[in-house]
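Taking it in order: structure first as structure tokens, then the write-up.
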Amino acid sequence: MAWKSYQFDDFTAQALYNILKLRVEVFVVEQNCPYPELDGLDEVSTHMVYEEDGEVLAYARLVPAGKKYDAPSIGRVIVRKEARGRGLAKELLERSIRYIDEQWKEPEIQLQGQVYLKEFYGSFGFEAISEIYNEDGIPHIDMKRYAAETAE
């Protein structure tokens, strides 16, 4: 079992296929939500991945500042259905935040979360910065986390 971060060009074709397949399985099929999963941001992002026995169990996409939002963002947060309840989502968020803090040294992190996960993201210091809105048929909310030294 291993956590790794990848740049787009680091992926083998098989590794990229496994991640894209998981994203479609969860966000399009499981959530019954047809939307443009391939949005042009994968190539510029860092990909946080947890694998066991060659199978991706947890994944998040870290998008640099200025590509989606002014601040860097964490998105496409997934834990494979069969691996839920093991604490992987918590570790995934911790590792994603730490990567952005240490590698990019940005004072803020933004995300677009499904409303039912608002408290989960809040436990990492994310605060709502928008009203609830409908995104592809699912209630979402924009949230932002401010680095400790810049928090008000």
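Below, the figures for the structure above:
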| quantity | calculated |
| --- | --- |
| DSSP loop trypsin sites (Lys or Arg not before Pro) with at most 15 other Cβ within 10 Å excluded, longest remaining stretch of the chain | 1-66 |
| Least to most buried among SER130, SER45 (fewest other Cβ within 10 Å first) | SER130, SER45 |
| Under Karplus coefficients 6.51, -1.76 and 1.60, residue-wise ³J(HN,Hα) of region 94-103 in Hz, glycine/proline x | 4, 5, 5, 5, 4, 4, 5, 4, 7, 8 |
| Sequence-separation-based contact order of region 4-129, relative, with Cα cut under 8 Å and 6+ spacing, percent | 19 percent |
| Surrounding net charge for ALA2, when Lys and Arg each add one and Asp and Glu each subtract one, Cβ distance under 10 Å | -1 |
| Under 23 Å from LYS144, Cα to Cα: lysines that are on another chain or at least 8 residues apart | LYS67, LYS68, LYS90, LYS105, LYS118 |
| Amide H contacts of ARG76 (H built 1.01 Å from N, under 5 Å, at least 5 apart or other chain) | ARG61 |
| Amide hydrogen neighbours beyond the local backbone of SER45, cut-off 5 Å, H modeled | PHE8 |
| Choice from ILE132, ILE74, ILE109 showing the highest fluctuation, given a GNM over the chain with Cα pairs closer than 10 Å | ILE132 |
| Net charge of Cβ neighbours under 14 Å - reference ALA83; Lys, Arg +1; Asp, Glu -1 | -3 |
| Which label in (1) 14.8, 45; (2) 16.2, 48; (3) 17.4, 56 gives the computed Rg and Dmax of the Cα atoms in Å | (1) |
| From phi via Karplus (6.51, -1.76, 1.60), per-residue ³J(HN,Hα) for region 123-129 in Hz, x at Gly/Pro | 5, 9, x, 7, 10, 5, 10 |
| GLU131 paired with GLU94, simple spin-label distance in nm, labels 7 Å along Cα-to-beta-carbon | 3.7 nm |
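Every number in this text was worked out from the coordinates using simple rules, so none of it is lab data. Only a predicted model underlies this, so the values are computations on that prediction, with no experimental measurement involved. Every residue, glycine among them, receives a Cβ derived from its backbone with ideal geometry; neighbour counts consider all protein chains shown.
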